[in-house]
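First comes the structure, then the notes that go with it.
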Amino acid sequence: MAEGGEKTSLLGGSRSGKFYGSSRSGQSSRGKPETAPEYENFGFRKNNDTFPQIAHNSSGDSDMAKSLPSNFGSNRPVSKEELLFNLKFAHLNSGTDWLSKIVAASGSDPDDPHICHHIKATLKDFPLTMSEKKQLSQRLKNFIETNKRPGGNEMSAYVSQGPSDLAVQGSGAKSASCLAQGSGSLLPSEVWTANITKISAYFGSYVASHFRFLRFLVMLNLLLGLVMMAFVSLPHLINGGFEDNDAHGGFFGKLSKSVFFYGAFHKRGFSREAFGITWSYNSPLAYFLTWCSVYFIALIVIVACMFLRYRRIKQMDYSRENPYSSHLLVGWDYCLTNKEGSTTRSRAISTSLKELMTDEKNRAKEKRLSRKKVVTFRVLGNLFNLGVLAASAYLIILVAQATLHFDDFASDELTDFIQQYELTLVVMAMKLIIPPVLSLLMRFEYYSPRTQVKIEIARTALFYVGSLIGFLVSTYNVAKDCRSKSENGTDPSANITMFDVSTEEPPYCCWENKVGEQILQLVFLDLIAHIFIRLGKTLILAISNKYFNFDRFGKPNFDVSRLNLDLLYGQCLVWLGVYFMPLLPLLVAVNQVIIFYLTYCISLTCLEPPPKVFRASRSGTFDLFVLAASLFLCMMPMGVGIMQLEPSASCGLYQPDARVYDSLIDKIGGFPGWLRETVDFMSTPPFILPVTVVLVFLVLYYHAKSVSHKREAENLRDYLNYTNKVENRRMLAFDRGNKGYTGSLPQNLDGGKKEQSVENQGPSHSSTSNVWLD
Amino acid sequence: MGGSQSVFTEEELDDYQTLTYLSKKEILHVFKRFKSLAPGLVEANKNVKLPMSKITEMPELKVNPFRDQICKVFSSSGDGMTFEDFLDMMSVFSDGAPKNVKVEYAFRVYDFDGDDLISDTDLQNVIEKLTGANQLSEADMQQLIENIMEEADLDDDKTLSFAEFEHVISKAPDFVNSFRFRM
């Protein structure tokens, strides 16, 4: 009897106590001679059940279970199926003399006496107590001994099943459980599993998903950092050492000259002699290709993770269909042996149940306003958002270009300080102030809670990306001014730190370094602001709640979407800055580790579970989707900039007159003729346009197909539920009609109506999915 | 294993092996654990019936919210477990037991009043025991019970029969892994 995969046709009443109880308590002799031949497989049909069905009903597959034999107590010859069926419920009829029944059964069919052997071999499957089993086994053995038939060979086949059967079962079960435990995640992400489990027990899976997102980002950054390091920094270290003497120090002093920044890299490749072969390394090409591949790797990893997670959610379909039952009835893990594990588990179960129920309540809540009003509000809201975005971008550019003259009433150091930090401070302030304002105003747009969270996340992400791109552009504009200065000798408007070298040589002007420095500043400021604001706010709220019972500002709790957006901001900085600072991903990974532990400690000590418990997306892939979208958005300006802008003359790998991708083109120029022509052709419009059109068509086609599949699945599910209910009703009515039973009837006599309403509610359950401890 | 080998004859061990899902070695290991619950009593008589209070001190049962019910289900006499009952229990909770047997016993564990049906009160008991210290509110509990009945009770008799229970459980791939004791 292998486990797993058996299909049991579902039905109700046969084993229900009402029928059974009657036969147990009062042995009414309602002899029905026709029941014996009418018995079919009693619904508990297993795949490997060897006994054939006696008779078929017209309903084919879904068998009807009849009530148990009314004359159970008597010793009339029973059929094998009946006997096996009764044995299944042996625990309800303790004290019966099974041996006599078995004897009777084997006697009833003289051609096939092996029922004794079969039962003896599978005795462990029946719910008898151990002493009963031992007794019965002994008596069966004696019975078989005394009634040995001439055909002894057939019997031995039944007898010696024990050890081999057991071995097969055991190994099968063990391997199945091993496979079940090896549920995969894409990256090696076992690092913080214990912490995350604890969090999810306390706060639910929604909050835990934030930590999982953080862990994913850390792994991604480590991967990207390693790639950059391997192909860019290490060769440089091997060749030139840590610092570059040609470069000049910048904002970060010596660090700006080092391998951390773009400016330190040499212009051309280098070569080494080893093992008699000259190894040459084309640094410019390597840098460019590694930078491109970083983007592609990130994109592929994010999309693959989204895909796998989505598929994993779809596979665990049972929890979509019956979330409550599965959480309650299958929720407890009997393997737990320590106290803490069990308290965690019980807390997790209750949190997830509460989550499910709040989810359902929230979905039911929909504000009904007049349609026109809602639409106007929404249009206004969107326009307002766009306006805010444009205004903030303009503000950044303005601040970058203008100088604030504090000469009269501030010291030199202060002016210097402000000049250095003004841009980053402005960006940081905008990041902190504007999104809360925007989300406050979103209340007037009357979205449903689920959509509201999604739109809020999307808008804030857009705002972040927009402000960062604006920041980048304005920094570049300022930084490249030094080039005109170096040519003209005049002094343009204020810049960020610049060393004024008034010699015949053109002054050191490296805009890449300056932009990189600004981004690094922003990264550090972000981290500091994060720590202080988070710490400060939660500590103040927690203390005021605990000691002063000051509830005005609400209890400190988790705002998961806000935290995810903060992480997104950091990640965008990585993507924008990786060209200027090859090792930025590693640095940001370290930042994120710090933030993880900070958030973890704070949440376990001060915070309470969030009051609004619902997820922005069913499968948790919305965060990844926003991440991928922002990656895409960041790629565009960087790509355009790198392709079109002039590299610096005094630093870096590329010549000012050539473009960066010329290094790639030179390499391709070295390819054989046919390859070169193909590549040339691929970059021309006649190739690109048709390809784009074909891709768009493919997308539309697959979308249409998926929509129709989804609809079909819903229809099938409804139909399945409906047929099951119809069968059950028919069976119940048959039973009732058959026996003239006057016991307790099912409450709902208007079965039809309830059927309809439950049918209609069927699909509604399908949209809740609360993944169990992802 | 050396000491307990002499407690059972070869024939007895064979018998136990045919009647349970455990191997001989596992059976002896189970006996060792049974003995560790009350060494003195078991030394004296290997068929002694240990009271429920001693049985529930076993690590797996100690933290299990359903420990009393589990003991009740597997006890042959209703007020204590002999070694054979204990062996029965460990056999059902072992890796070798097939899914249908586990489902059968799971149903009996959740059926608190023993009437072969899972009714509202049974479900309420299950919820209370599962959530332990983090009790749901009364309204939440009622809502939860209603939801479960809606999902699982297909013949609308306000109770879950074994077939309905099995139907819900059999679709959960986790069940076999979670309904077991580690040896």
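The values are calculated or read from the model by the stated rules, or taken from the named source; none is laboratory data. Note that this is a predicted model, so its numbers are computed, not measured. Neighbour counts are summed over all protein chains in view; Cβ atoms, including those assigned to glycine, are modelled from backbone coordinates with ideal geometry.
Details
- Remark: pairs (first residue in the stretch A:107-133, within 8 Å of another protein chain (Cβ to nearest Cβ) and at negative phi; second residue at pLDDT 75 or above and in a loop (DSSP other than H, G, I, E, B); Cβ separation under 6 Å; 6+ apart in sequence or on different chains) = A:Lys124/B:Thr20; A:Thr129/B:Ser76.
- The stretch B:108-132, residues that are within 26 Å of A:Lys339 (Cβ to Cβ), among the aliphatic types (A, V, I, L, M) and within 7 Å of chain A (Cβ to nearest Cβ): B:Val126, B:Ile127, B:Leu130
- Qualifying position, being of a type in the set (Asp, Glu), within 30 Å of A:Leu472 (Cβ to Cβ), surrounded by 12 or more Cβ atoms within 10 Å (Cβ to Cβ) and modelled with pLDDT of 75 or more, among A:Asp662, A:Asp623, A:Asp666: A:Asp623
- Residue in the stretch B:30-47 that is part of a helix (DSSP H, G or I), at the interface with chain A (Cβ under 9 Å from one of its Cβ atoms) and hydrophobic (A, V, I, L, M, F, W, C) present: no
- Among the residues of the stretch A:328-346, not one is more than 7 Å from chain B (Cβ to nearest Cβ) and modelled with pLDDT of 80 or more.
- Just one of (1) closer than 26 Å to A:Arg729 by Cα; (2) part of a helix (DSSP H, G or I); (3) more than 7 Å from chain A (Cβ to nearest Cβ) fails for B:Ala139. It is (1).
- Verdict on B:Glu146 being facing another protein chain (nearest Cβ under 9 Å), assigned to a helix (DSSP H, G or I) and over 19 Å from B:Asn64 (Cα atoms): no
- Qualifying residue in the stretch A:488-497 (condition: closer than 20 Å to A:Gly516 by Cα, at pLDDT below 80 and exposed (fewer than 15 other Cβ atoms within 10 Å of the Cβ)): yes
- Selected residue [within 12 Å of another protein chain (Cβ to nearest Cβ), in contact (Cβ under 8 Å) with a residue 24 or more places away in the chain, among the acidic types (Asp, Glu) and in contact with a Leu (Cβ under 9 Å, 6 or more places away or on another chain)] from B:Glu104, B:Glu60: B:Glu60
- Output for the stretch B:8-29, where each listed residue is over 21 Å from the mean Cα position of the chain (by Cα), farther than 24 Å from B:Pro51 by Cα and outside any helix (DSSP H, G or I): B:Thr9
- B:Ser76 being of a type in the set (Gly, Ala, Ser) and either surrounded by 17 or more Cβ atoms within 10 Å (Cβ to Cβ) or touching a residue at least 12 places away in the same chain (Cβ under 8 Å) (or both): yes
- B:Met81 vs. criteria in contact with a Cys (Cβ under 9 Å, 6 or more places away or on another chain) and away from chain A (no Cβ under 11 Å): no
- Taking each residue of the stretch B:162-179 that is more than 7 Å from chain A (Cβ to nearest Cβ) and looking for partners that are assigned to a helix (DSSP H, G or I) with beta-carbon atoms closer than 6 Å, six or more apart or interchain, yields B:Phe165/B:Phe107.
- Restricting the stretch A:555-608 to residues that are in a loop (DSSP other than H, G, I, E, B) and within 20 Å of the chain's Cα centre (by Cα), the residue that is modelled with the lowest pLDDT: A:Phe558
- Restricting the stretch B:99-130 to residues that are of a type outside the set (A, V, I, L, M, F, W, C), buried (at least 21 other Cβ atoms within 10 Å of the Cβ) and in a loop (DSSP other than H, G, I, E, B) leaves a set whose member that is modelled with the lowest pLDDT is B:Asp116.
- Every condition in (1) surrounded by 15 or more Cβ atoms within 10 Å (Cβ to Cβ); (2) modelled with pLDDT under 75; (3) in a helix (DSSP H, G or I) is met by A:Phe260 except one, and the failing one is (3).
- Hey, B:Leu144 touching a helix residue (DSSP H, G or I) at 6+ places or on another chain (Cβ under 7 Å) and touching a residue at least 60 places away in the same chain (Cβ under 8 Å) or not: no
- Any chance A:Leu395 is within 12 Å of chain B (Cβ to nearest Cβ), at pLDDT 80 or above and either touching a Gly at 6+ places or on another chain (Cβ under 8 Å) or not in a loop (DSSP other than H, G, I, E, B) (or both): no
- Among the residues of the stretch A:701-728, those identified as modelled with pLDDT of 80 or more, surrounded by 14 or more Cβ atoms within 10 Å (Cβ to Cβ) and in contact with a helix residue (DSSP H, G or I) (Cβ under 7 Å, 6 or more places away or on another chain) are A:Arg717, A:Asp718, A:Tyr722.
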